[in-house]
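Inspection log for the structure reproduced underneath, given as structure tokens.
The values are calculated or read from the model by the stated rules, or taken from the named source; none is laboratory data. Computed from a predicted model, the values in this text were never measured in an experiment. Cβ placement follows ideal geometry from the backbone for every residue including glycine, while neighbour counts extend to all protein chains displayed. Side chains included, ligands, DNA and RNA excluded: accessible areas come from the protein's heavy atoms. Shrake-Rupley method; radii C 1.70, N 1.55, O 1.52, S 1.80 Å.
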Amino acid sequence: MTFSLTPRRAAPMFLIAMFAQAGAAQAATSESQAWITEQFAFKADKATTITLDASQRARSDRTSGGEQFLQRISIDRRIATGVEIGGGFAYLKAESEKELRFHQQLTLTHGLFSSRTRLEQRFFDNADEASWRLRERIAITVPLDHARRTSLIATNELFFHLNRARPSDKTGLAMMRQQIGLRQRLSPQIDAQLLYMRQQTFRDHRPDAVAHIPWATLSFRL
């Protein structure tokens, strides 16, 4: 008897492994947040996509910086089947600080699975040098109907700090985000997405912090 690990068979295993990892972690502090994102994407040409997005992030824990507002522009270009390279910048304003963030990224897609490697340079108004961060994300998108109007989405993303821009910064693995939810196509140009995100911040010599975040996104395409 042979067993073939097809993408659809692999999907449940991916989800179980991802959230088992979260369940194994112990954290003593937690907070609730709520994020809303509006996204607009259009094709500059057949291979190039420009994306504008804005996010509002309500955070109950004022010690982590309070509410955040983020605006970002990204340009991605397909250089081969399933391969995109891109970059862009963002401006983030929180109650405690402001940040200008540049990024470069590589996105790979194969069947239901995709991965993204993103390198960021973060400039804070309270730091003298840039903070460099590496983000590694893997995602799976599973259509739930033949028309592919509704899809299940799950992602796992790890954040690594590569240097110390401020004395309080730590290097190495700094944060993990795990998401699961649904994407619904409302029209050929509009998608709505609702996710639950678990965000774990790793801290030295004290318990980790976990945030539980419902995240709603409305996307427009041209």
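Within the bounds of the range 36-59, is there any residue that is in a loop (DSSP other than H, G, I, E, B), open to solvent by less than 60 Å² (accessible area, probe 1.4 Å), touching a residue at least 24 places away in the same chain (Cβ under 8 Å) and at positive phi? Break it down stepwise before answering.
So in the range 36-59, the residues in a loop (DSSP other than H, G, I, E, B) come out as 46-47.
Going one step further and asking which of them are open to solvent by less than 60 Å² (accessible area, probe 1.4 Å), we end up with 47.
Applying the additional criterion that residues be touching a residue at least 24 places away in the same chain (Cβ under 8 Å) yields 47.
Add one more test, that the residue is at positive phi, and what stays is none.
For the range 36-59, residues in a loop (DSSP other than H, G, I, E, B), open to solvent by less than 60 Å² (accessible area, probe 1.4 Å), touching a residue at least 24 places away in the same chain (Cβ under 8 Å) and at positive phi: absent.
Could you say whether any residue in the range 197-217 is in contact with a Lys or Arg (Cβ under 9 Å, 6 or more places away or on another chain), outside any strand (DSSP E or B) and hydroxyl-bearing (Ser, Thr, Tyr)?
no
Among the residues of the range 121-162, how many are free of Cβ contacts under 8 Å to residues at least 40 places away in the same chain, assigned to a strand (DSSP E or B) and more than 21 Å from Leu195 (Cβ to Cβ)?
Here the count works out to 7.
With respect to Arg221, is the statement that it is closer than 20 Å to Gln71 by Cα and not β-branched (Val, Ile, Thr) true? Even if it seems obvious, please write down each step before you answer.
Numbers: closer than 20 Å to Gln71 by Cα: yes; not β-branched (Val, Ile, Thr): yes.
It is true that Arg221 is closer than 20 Å to Gln71 by Cα and not β-branched (Val, Ile, Thr).
If we keep just the residues of the range 167-191 that are small (Gly, Ala, Ser) and more than 17 Å from Val142 (Cβ to Cβ), which is surrounded by the most Cβ atoms within 10 Å (Cβ to Cβ)? Give the derivation first.
Step one: list which residues in the range 167-191 are small (Gly, Ala, Ser), which gives 168, 172, 174, 181, 187.
This time we only want the ones that are more than 17 Å from Val142 (Cβ to Cβ), so: 168, 172, 174, 187.
Numbers: Ser168: 7, Gly172: 9, Ala174: 18, Ser187: 8.
Going through the qualifying residues, I end up with Ala174.
So in the range 90-105, with the set limited to residues that are open to solvent by 70 Å² or more (accessible area, probe 1.4 Å) and more than 18 Å from His161 (Cα to Cα), which one is nearest to the chain's Cα centre (by Cα)?
Only one residue fits best here, namely Tyr91.
For every residue, the table says whether it meets (1) acidic (Asp, Glu); (2) at pLDDT below 95; (3) touching a Phe, Trp or Tyr at 6+ places or on another chain (Cβ under 9 Å).
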| site | (1), (2), (3) |
| --- | --- |
| Arg118 | no, no, no |
| Asp128 | yes, yes, no |
| Arg133 | no, no, yes |
| Leu144 | no, no, no |
| Thr155 | no, no, no |
| Leu162 | no, no, yes |
| Arg166 | no, yes, yes |
| Leu173 | no, no, yes |
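Only one of (1) open to solvent by 40 Å² or more (accessible area, probe 1.4 Å); (2) among the small types (Gly, Ala, Ser); (3) modelled with pLDDT of 60 or more is not met by Ala20, so which one is it?
Answer for Ala20: the failing condition is (3).
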